[in-house]
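For reference, the structure discussed in these notes is given below.
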Amino acid sequence: MINRFLKLFKAPRPADADAPTPRIVFTDAALAALRPALVSKTRARHEGIVYFVGRTDGYVTLITSVFIPEATTTHGSFNVSARSMAKLVEFAASHGLQVVGQLHTHPMGAFHSDGDIEGTHIHYQGYVSMVVPNYGAALPSLADAHILRYERIRGWQPFFATDVKVVRSAAK
């Protein structure tokens with residue numbers, strides 16, 4: 001009995017101790033595209049939403065471009081239609097890429113509300129969800145972002161903005 005009790009206080013073992021360190025990597029072009037993609041919503045003081053397109057192997061998520069969906073927005077919410085989501089998936093697939101995440105803005109603080117988590121219909125290993133405050137006014141900085149990364153076994157896990165990497169896009 002005491003052994004069962006002591007097991008409750010052991011640190012949980014990671015699902016895959018040999019798994020690589022999770023990483024989120026933006027191309028500089030994708031990071032730079034965030035502010036222009038959301039500027040009309042920022043000016044209107046409405047929440048805005050963009051999706052990230054790129055590739056993930058479940059551990060390294062590479063964000064290569066930003067997709068702006070058709071969305072109904074207010075000062076405190078956004079709604080993306082199924083039709084617009086279909087366009088997003090079609091866009092990613094037509095380029096041999098994946099929908100790897102999303103970023104949306106909040107009026108004030110950066111956090112994932114219960115509604116944000118419930119409304120994240122796409123979630124699989126390596127998928128990223130970011131929330132930025134002040135309607136994204138400080139973009140492309142992610143310094144104040146609240147970042148979550150989905151893990152199949154543990155669900156949504158926090159990720160630090162200081163750990164997000166940026167790589168230079170190939171020269172044209």
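FYI, it's all coordinate maths here, none of it is from the lab. Quick caveat: nothing in here was measured; it's all calculated off a predicted structure. Glycine also receives a Cβ, built like all others from the backbone with ideal geometry; neighbour counts cover every protein chain displayed.
Just to be sure I understand the filter: pairs with C-beta atoms under 8 Å, separated by 6 or more residues or on different chains, first member in the stretch 69-81 and acidic (D, E), second member part of a strand (DSSP E or B) and surrounded by 13 or more Cβ atoms within 10 Å (Cβ to Cβ). Which pairs pass?
Cβ pairs passing all conditions: E70/V80.
Yes/no matrix, rows are residues, columns are (1) closer than 15 Å to V53 by Cβ; (2) in contact with a Gly (Cβ under 8 Å, 6 or more places away or on another chain); (3) of a type in the set (F, W, Y):
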position: F91; (1), (2), (3): yes, no, yes
position: V100; (1), (2), (3): yes, yes, no
position: H104; (1), (2), (3): no, yes, no
position: P107; (1), (2), (3): no, yes, no
position: H121; (1), (2), (3): no, no, no
position: Q125; (1), (2), (3): no, yes, no
position: G136; (1), (2), (3): no, yes, no
position: L142; (1), (2), (3): no, no, no
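So E47 passes all but one of these: (1) within 27 Å of V167 (Cα to Cα); (2) surrounded by 17 or more Cβ atoms within 10 Å (Cβ to Cβ). Which condition number does it fail?
Condition (1) is where E47 drops out.
Tally time: how many residues in the stretch 100-151 are buried (at least 16 other Cβ atoms within 10 Å of the Cβ), not small (G, A, S) and not in a loop (DSSP other than H, G, I, E, B)?
Number of matching residues: 18.
Counting only residues that are among the hydroxyl-bearing types (S, T, Y) and in a strand (DSSP E or B), which one in the stretch 71-99 is surrounded by the fewest Cβ atoms within 10 Å (Cβ to Cβ)?
T72
Output the residues belonging to the stretch 152-169 that are assigned to a loop (DSSP other than H, G, I, E, B) and either surrounded by fewer than 12 Cβ atoms within 10 Å (Cβ to Cβ) or of a type in the set (D, E, K, R) (or both).
Scanning the stretch 152-169 gives R152, I153, R154, F160, R168.
Go through the stretch 120-160 and give me each residue that's of a type in the set (G, A, S) and more than 18 Å from V60 (Cβ to Cβ).
Scanning the stretch 120-160 gives G136, A137, A138, S141, A143, A145, G155.
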